[in-house]
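Have a look at the structure below, then the notes.
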Amino acid sequence: MSVPLKVPEVGESVREGYLTEWLKDDGDVVAADEPLYVLETDKVTMTINADVGGRLAIKVPAGQEVEVGQAVAEIDDSVEAPAAPPASGPAATPDAVAETEPEQTAQAPAVPAERGEPTPQPGKAPRATATIEDLSPAVRRLVLEHDLDPASISGTGRGGRLTKEDVLRHLDESTLQTPATDVTLRPEPPAPAAAAAAPDERQTRRRMSPLRQRLAERLVEAQQTAAMLTTFNEVDMSRVIALRKQWREKFRERHGVDLGFMSFFVKAAVNALAFVPAVNAFLDGDEIVENHYYDIGVAVSTERGLVVPVIRDADRLSFAGVETGIAELAEKARTGKLTLDDLSGGVFTVSNGGIFGSMLSTPILNPPQSAILGMHAIKKRPVVAGEDDRVEVRPMMYLALSYDHRLIDGREAVTFLKRIVECLEDPERLLLEV
């Protein structure tokens, strides 16, 4: 019997989306709960799994707009389905979450660590021919991004065909054999062009994705509805860097995650929000709504657009709790599994343009939030330090706080940003919550 595969409900206000990619081919035999296609809406991108096992018959090709409840495929459940492949571990790959050291911030990305050979899995047939040309677009992109040899990866698709899940599982297995890296959210590599332009073609056109359309709307809305202003400061990162260097290995051994920079900024933001409550508020018509909780958003640039997953109740989390939360969100962002709940309800956002090498920028508000903190590249610069005004070379970072001047006065904004600087230049106060 053929069972229709319908676009599921993904949120109250979401009625349509964009079927960006099929992870299986027409005619493949799939297992229940096996990932089938990627659905992109104006709020979130997610992977949709099979309701039942059987033979897949695709009705709507990739690249089409679809509506909630629309049947995009059918599954013939009379065909015996294979057992679902084991789920990969929660650890994020270095490519998704690697954080650069201060002296590497504006340099070219480091060469990926040498990856170990995959562990043979029972029931997996090796690919007879595994060349780049044979691969589907999704698999080809992953292989090229991570510089992998497709012939070294066992395929579980029809006829030993290499699937996206095979490559992701290979990366997860390889990650377990390589040293852990700093954990923070990092943008994914840019997506390749939808189609290669002809040699004599001067322009190409492609439709904006729903996520990109919604992002454009929100950015313009923020510019038009808020009295946005930005104030700047700089922070000496010497003590944070020294603290990480001193405790990094023991922190990883004890908690299973690395001690990155982002946890310091998240905890500093919580401290500053408590110190200047006006920043932890927003306007709703003619009313001021004050938040008494600390859900901190971390802006992430993905290949499909900007998303801001939220770390819940960051004030109640330890540094290890924050780092674990960031690692989990990074894994979800990498695999397209962020949910609406992961993206909603933040009271303040931290954005790290420094991973691109940015020295200074003015971040745009994330409505309805009233402020956003922009981090930038850490650069060694000569500064005047000490009581004797001696000149020393210190790792310095410019910070930018954009805020809604309708609600937050300049005095409050400057005080807030100075508090961030104080917390980072004297990180012990974060541990003591003073």
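Derivation of every value follows stated rules applied to the coordinates shown; laboratory data play no part. Because the structure is a prediction, the values reported are computed rather than measured. As a convention, Cβ positions derive from the backbone with ideal geometry for all residues, glycine included, and neighbour counts pool all protein chains shown.
The table that follows gives values for the structure above.
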read-out: Net charge contributed by nearby residues that have their C-beta within less than 15 Å of Arg312 (K/R +1, D/E -1); value: -4
read-out: Extension gain, Lys337 back to Ala57 (0.36 nm per residue minus Cα-Cα distance, nm); value: 98.4 nm
read-out: Label-point gap, in nm, between Ser2 and Gln246 - each point 7 angstrom along Cα→Cβ; value: 6.8 nm
read-out: Length-normalised contact order for segment 2-76 - Cα pairs under 8 Å, 6+ apart - percent; value: 43 percent
read-out: Overall form of segment 211-432 per C-alpha gyration tensor (a/c, 1.5; a/b vs b/c); value: oblate
read-out: Cα-projected label distance for Ser152 with Glu221, points at 7 Å along beta-carbon direction, nm; value: 4.7 nm
read-out: For Gly297, residues with placed amide H under 5 Å, excluding near neighbours; value: Ile311, Val347, Phe348, Thr349, Val350
read-out: Added length on full extension, which subtracts the Cα-Cα distance from 0.36 nm per residue, Phe275 to Arg212; value: 19.1 nm
read-out: Built amide H within the under 5 Å cut-off of Leu36, gap 5+; value: Ile48, Asn49, Ala50
read-out: Nitroxide proxy distance, nm - points 7 Å out along Cα→Cβ at Glu9 and Glu80; value: 3.7 nm
read-out: For segment 325-434: rounded, prolate or oblate by the Cα gyration tensor [a/c cutoff 1.5]; value: prolate
read-out: Burial ordering of Met396, Met1, fewest other beta-carbon atoms within 10 Å first; value: Met1, Met396
